[in-house]
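Step one of this worksheet: look at the structure below.
The values are calculated or read from the model by the stated rules, or taken from the named source; none is laboratory data. These figures come from a predicted structure and were not determined experimentally. Here the Cβ positions follow ideal geometry from the backbone for every residue, glycine too, while neighbour counts run over all protein chains shown.
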Amino acid sequence: MDYEEILSAAIGPVIILAVAFIVTRLIMWIVKRFEHGYLEQDEDEAARVSRLQRGIADPDDFVLGIRRKRALTMSTLLRAAAIALVWIVAIILALETAGLPVTPLLAAAGIGGIAIGFGAQSLIKDLISGFFILLERQFDVGDTVALAEVKGTVERIELRSTVLRDIEGRRHVVPNGEIRVSTNYTHIFSRYAVTLPVPYEVDVDRAIDIAGAVAEEMRTGSYSSLITEPVNILGVDDYGDSAVNVRLYLETVPGRQWEVGREYRRRLIKALEAAGIAIPYPHQEVILRQQDGLPSTTS
């Protein structure tokens, strides 16, 4: 084979590889535009309230950091997958154009791919789940969530796993493929639900008025930046053994519901005590029979 034949045989593969190179550059440009477009979107409500939740001095930098991390993670995955597909197709076409046998190579690659696929099923599942978690914004870094029977604050979100830190300081690494249901306690707003037991001998409306007054005092006072709405008193929810249970909740900025709720409970019990209303506690009445048949009662 002379140089002209070699050159003629090489023209086709070179053109295919050149086109693949151009397509690769185009993919990189498109993905880069995707990154910039994602980061330039107006800050939405979830991002706005997450700033209040974290109370940081420069919240724009924090929000931008979360958005940048999410955009870079998704764009990296898209870029890698698209470029790999382009070059695999380009190499196969180039080999065919050069007259080299491609069928045995494809058969070997197919067998190897099947073997790798069986061994990496869980990894692929984790990666795909992680991609959709990032794409759908199910939760962000700093959110308090429950995932796969684990509850904590999100420290990191990666394609393969999500890292949580619970209230006891324990670090949990949850594979994204194990996340079938995610519960987010700090998305857009939070609520702190309270069940107030009112003794049967106490006027329920009076106790409800006290509960509402305590909540309103907090909302208009030192907790005005955390409580976003007036207290919502749902009313009598149940008849207990020793009390009528009144259900109510406080709506707060994300992630601050527990802080608000603890202070509310502290103030509420003091207000009830000042009004002469005691929180009922479980008790039993025991009746003992004496030898003369007359009952004697003790508690």
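Miscellaneous remarks
- Candidate set: region 130-175, residues that are part of a strand (DSSP E or B) and among the polar types (S, T, N, Q); chosen: the one nearest to the chain's Cα centre (by Cα): Thr144
- Cβ separations smaller than 6 Å between residues 6+ apart or across chains give the following pairs from region 16-44 residues that are within 29 Å of Ile92 (Cα to Cα) and at pLDDT 85 or above to residues that are surrounded by 12 or more Cβ atoms within 10 Å (Cβ to Cβ) and of a type in the set (Gly, Ala, Ser): Ala20/Ala90.
- Among the residues of region 191-229, those that are closer than 15 Å to Arg256 by Cβ and under 27 Å from the mean Cα position of the chain (by Cα) comprise Arg191, Tyr192, Ala193, Tyr223, Ser224, Ser225, Leu226, Ile227, Thr228, Glu229.
- Residue count for region 239-271 satisfying the condition of being among the charged types (D, E, K, R) and assigned to a helix (DSSP H, G or I): 7.
- Filter result for Leu147 (modelled with pLDDT of 90 or more and in contact with a Leu (Cβ under 9 Å, 6 or more places away or on another chain)): yes
- Note on region 182-216: residues that are at pLDDT below 90 and of a type in the set (A, V, I, L, M) amount to 1.
- Looking only at region 170-190, and only at residues there that are without any contact (Cβ under 8 Å) to a residue 60 or more places away in the chain and of a type in the set (A, V, I, L, M), the one that is nearest to Gln257 (Cα to Cα): Val181
- Among (1) buried (at least 20 other Cβ atoms within 10 Å of the Cβ); (2) within 30 Å of Val141 (Cβ to Cβ) - the single one Leu248 does not satisfy: (2)
- Residue in region 97-107 that is out of contact with any His (no Cβ under 6 Å at 6 or more places or on another chain), part of a helix (DSSP H, G or I) and at pLDDT 75 or above present: yes
- Residue in region 198-214 that is small (Gly, Ala, Ser) and not in a helix (DSSP H, G or I) present: no
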